[in-house]
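Asks: Quick one: structure below, then a few questions.
The values are calculated or read from the model by the stated rules, or taken from the named source; none is laboratory data. Because the structure is a prediction, the values reported are computed rather than measured. Cβ sites come from the backbone with ideal geometry, for glycine too, and all protein chains shown count toward neighbours. Keep in mind that these areas ignore ligands, DNA and RNA; they rest on the heavy atoms of the full protein, side chains included. Shrake-Rupley method; radii C 1.70, N 1.55, O 1.52, S 1.80 Å.
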Amino acid sequence: MRGKVTFVFLVIVAFLAYVLGAKAGKARYKEISTAVNSFWNDPQVKKARVRALKSAKQATADATKAAEKAAKKASKRLG
């Protein structure tokens, strides 16, 4: 896991170094920014974000219920 975090950090640093250090930095930054905004605001991406958020909320609720059930079961065994 730590290796993945390190890799992601290095990729981000490399990206920032490229954008900020390029000769055409501001123009390239605007180009990249426009591409990212276009992707982020794409209707299919918005739908995927909504589905992912709903899925995460459901998984959190399921995990909470499972933990509560396990805690009750353990307390019955002890008590």
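Asks: Please list, in order along segment 56-73, the HN-Hα scalar couplings obtained from phi with the Karplus expression 6.51 cos²θ - 1.76 cosθ + 1.60 (θ = phi - 60°), rounded to whole Hz, x for Gly and Pro.
Replies: 5, 5, 5, 5, 5, 5, 4, 5, 5, 4, 5, 5, 5, 5, 5, 5, 5, 5
Asks: Next up: What's the local net charge at residue 62, with K and R +1, D and E -1, over the other residues with C-beta under 14 Å away? Kindly include the intermediate steps, with their values, before the conclusion.
Replies: Working: positive: 54, 57, 65, 69; negative: 68.
Net charge around residue 62: +3.
Asks: Go through segment 5-19 residue by residue and turn each phi into a ³J(HN,Hα) via Karplus (6.51, -1.76, 1.60, θ = phi - 60°); whole Hz please, and just put x for glycine and proline.
Replies: Once θ is set to phi - 60°, the couplings for segment 5-19 become 5, 4, 4, 4, 4, 5, 5, 5, 4, 5, 4, 5, 4, 5, 5 Hz.
Asks: Using +1 at the C-beta of Lys and Arg and -1 at the C-beta of Asp and Glu, which of 63, 37, 3 has the Cα lying farthest in the positive direction of the dipole of the chain?
Replies: 63
Asks: Among all the aspartates and glutamates, which ones have a C-alpha under 20 Å from residue 54's C-alpha, if same-chain residues fewer than 8 places away are not counted?
Replies: Straight-distance partners of residue 54: 42, 62.
Asks: Averaged per residue, what accessible surface does the chain expose to a 1.4 Å probe, in Å²?
Replies: Values: 7350 Å² over 79 residues.
For the chain, the per-residue accessible area is 93 Å².
Asks: Taking each pair of different alpha-carbon atoms in segment 7-79 once, compute 1/r for the pair, average those values, and report the inverse of that mean as the Kirkwood hydrodynamic radius in Å to one decimal. Please report the intermediate quantities before stating the final value.
Replies: Details: mean 1/r = 0.0606 Å⁻¹.
The answer is 16.5 Å.
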